[in-house]
Amino acid sequence: METAIAFIIIFGSIVFFHELGHFIFAKKAGIMVREFAIGFGPKIFGMTKGETLYTIRLLPLGGYVRMAGEDLDSIELQPGYRLGVRLNENNEIDQIVLNQNKHFPDMLFLEVERSDLMKEMYIEGYDEEERLVRYQVARKAVIIENNTETFIAPYDRQFGSKTVGQRSMAIFAGPLFNFILAFFIFLALGLLQGIPTNEPIITTVVDNSPAALAGMKDGDLVKEIDGMPITEWEELSLAVRDSANEPMTFVIDRDGTTEELIVTPKEVTTEAGKVAQIGVQYMSPLEKNPIGAIFFGAEQTYEWTKRIFTILGTLVTGSFSIDDLSGPVGIYKATETVAQSGVYNLMHWAAILSINLGIMNLLPLPALDGGRLLFFLFEAIRGKPVDKQKEGMVHFVGIMLLMVLMVVVTWNDIQRFFF
């Protein structure tokens with residue numbers, strides 16, 4: 001149960017911030033957002049605020065922001081259609097009732113002759129006295145069908161009416177917010193847990209090791225090696241690594257007293273090959289530094305972004321196979337393992353997952369944010385958009401291929417973890 005709760009909170013938060021990016025920049029561009037959804041499938045919670053329906057759905061494996069004009073959601077009133085309308089104080093239509101089972105006070109009935117609910121915003125038709133009348137439609141009018149209210153989206157409130165830059169930013173903002181979320185998680189870790197100082201302080205001296213035989217003790221701070229100043233642990237490690245069986249002069253600080261020790265590294269065989277070691281263990285000290293925590297958040301976000309891109313590169317070159325990929329089941333099992341090692345490690349894992357989701361969505365593949373951005377790039381170069389039907393077909397094929405990949409990866413996860 002704890003793992004399930006941790007998985008839902010982590011994945012839900014990552015998806016929420018991803019969709020929040022789409023939502024904020026869509027609203028900033030003046031696009032009507034019809035629905036902000038966390039999860040897929042049947043709705044288990046819904047709340048309408050303003051013109052947007054906020055929902056939580058059954059399957060917590062994603063989410064979406066449904067923008068006006070994206071799903072051909074405009075309504076065309078065909079000639080001869082009978083409907084009810086209500087007028088506001090400006091004699092404009094502010095409610096259109098498509099099913100006449102429900103009546104409203106002062107509702108008028110019209111038989112549609114012609115209409116435009118996108119640009120000119122009017123309905124023309126015959127009233128109950130067979131007179132041809134024409135009414136303007138209010139920009140915030142609603143259509144009521146089967147007791148469900150839907151706001152009319154004038155053309156300038158639709159996704160397709162915006163510039164290439166505005167549409168691109170509304171799509172790019174999702175992955176961008178994943179990187180921002182990761183930065184703030186790492187920042188929180190730096191503030192709560194502290195940031196590594198990387199000082200070359202010996203944490204543990206292994207018994208009977210070259211360091212122990214030379215007199216080195218736990219807590220010694222290495223200042224120099226063979227006359228070379230040492231300020232970070234990586235410098236110490238590099239200095240020792242290629243010096244097997246060569247006596248080295250260590251200058252250390254022990255409780256404010258400077259001492260010299262002669263240490264002779266010995267050669268050992270590791271997975272990386274033969275290296276020299278002196279027999280010490282290291283755990284970077286942590287310090288509370290608010291300014292340093294900001295740099296720590298930025299540095300960790302950059303480093304993990306670089307690592308994930310490196311892994312993607314191995315996938316392209318073939319040294320990383322599809323069997324090494326993990327889907328929701330693999331992420332769930334990894335979350336279970338990480339959760340056992342404490343909340344800080346769980347936060348670190350959430351930041352990595354957020355970066356991973358951001359990068360995956362930026363890949364130039366159909367149906368992903370990166371694929372849509374690629375079409376916007378073509379539009380900017382050509383000076384006109386790609387045919388909507390062709391683009392829709394490409395995205396449909398992409399969705400099918402992604403679903404097949406998801407099934408394969410999930411099956412591999414099930415085989416790996418349960419059989």
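For the pair I8 and D106 in one chain, pulling the backbone fully straight at 0.36 nm per residue adds 30.4 nm over the alpha carbon distance. Counted over the chain, the DSSP beta bridges are approximately 90% antiparallel.
Could you check which residue among W349, W304, W233 shows the biggest mean-square fluctuation in a GNM of the chain with a 10 Å Cα cutoff? Taking springs between Cα atoms under 10 Å, the residue moving most is W233. Here the Gaussian network model covers the chain, with springs between Cα atoms less than 10 Å apart; of L377, L346, L187, L377 fluctuates the most.
Placing pseudo-labels 7 Å out from each Cα toward the beta carbon at L365 and A212 gives an inter-label distance of 5.1 nm.
Using C-alpha pairs below 8 Å separated by at least 6 residues, the relative contact order for the range 1-99 is 22 percent. Across N361, N91, N289, mean-square fluctuation computed from a Gaussian network of the chain (C-alpha pairs under 10 Å connected) peaks at N91. Across M248, M169, the residue with the most accessible area heads the list, and the full order at a 1.4 Å probe is M169, M248.
For the listed residue pairs K162/K388; K274/K306; K217/K266, the alpha carbons are over 21 angstrom apart in K274/K306. Heavy-atom accessible surface of I171, to the nearest 10 Å², is about 0 Å², with a 1.4 Å probe and all protein chains retained. Roughly what would the spin-label model give for F418 and L325, points 7 Å off Cα along C-beta, in nm? Simple spin-label model gives 2.0 nm for this pair. Annotation: per residue accessible area for the chain equals 57 Å², rounded to a whole number [probe 1.4 Å, protein chains only].
Each of Y332, Y122 has its accessible area taken with a 1.4 Å probe; listed largest first, they run Y332, Y122.
Compared with the dominant Cα axis of the chain, that is its longest principal axis, helix 388-418 is turned about 40°.
Roughly how many Å is it from the Cα centre of the range 174-246 to that of the range 38-73, as a whole number? The range 174-246 and the range 38-73 have Cα centres spaced 47 Å from each other. Heavy-atom surface analysis with a 1.4 Å probe gives the range 186-342 a carbon and sulfur content of 54 percent of its accessible area.
Computed from Cα positions, the angle between helix 369-382 and the longest principal axis of the chain comes to roughly 70 degrees.
Hey, any idea what % of the range 1-89's accessible area is carbon plus sulfur with a 1.4 Å probe? About 64 percent, which is the carbon plus sulfur part of the accessible surface. Accessible surface of E391, taken over heavy atoms with a 1.4 Å probe and every protein chain present, rounds to 30 Å². Measuring nothing but how far apart in sequence close Cα pairs (under 8 Å, 6+ apart) lie, relative to its length, the chain scores a relative contact order of 14 percent. Ranked from largest to smallest solvent-accessible area, with a 1.4 Å probe on the protein heavy atoms, T52, T257 come out as T257, T52. Listed here are the pairs K49/K119; K27/K140; K28/K140; which of them are more than 23 Å apart at the Cα? Long pairs (Cα-Cα over 23 Å): K49/K119.
A Förster radius of 35 Å, combined with the Cβ-Cβ distance separating E379 from E35, puts the computed FRET efficiency at roughly 0.85. Of the GluC sites (Glu not before Pro) found in the range 202-298, those in coil by DSSP whose Cβ has at most 11 other Cβ atoms within 10 Å are E271.
The heavy atoms of Y81 present about 90 square angstrom of accessible area, all protein chains included, probe 1.4 Å.
Which residues in the range 60-93 place their backbone N less than 14 Å from a point set 7 Å from the Cα of V133 along the Cα-to-Cβ direction? Correct set: 83-93.
Over the chain, DSSP H runs of length four or greater, each weighted -39,500 (n - 2.57), average out per residue to a 222 nm ellipticity of -14000 deg cm²/dmol.
The values are calculated or read from the model by the stated rules, or taken from the named source; none is laboratory data. Just so it is clear, the structure is predicted and the values come from calculations on it, not from any experiment. Note that each Cβ is placed from the backbone with ideal geometry, even for glycine, and that neighbours are counted across all protein chains shown. When the accessible area is computed, the model is the full protein with side chains, heavy atoms only, and any ligands, DNA or RNA have been set aside. Shrake-Rupley method; radii C 1.70, N 1.55, O 1.52, S 1.80 Å.
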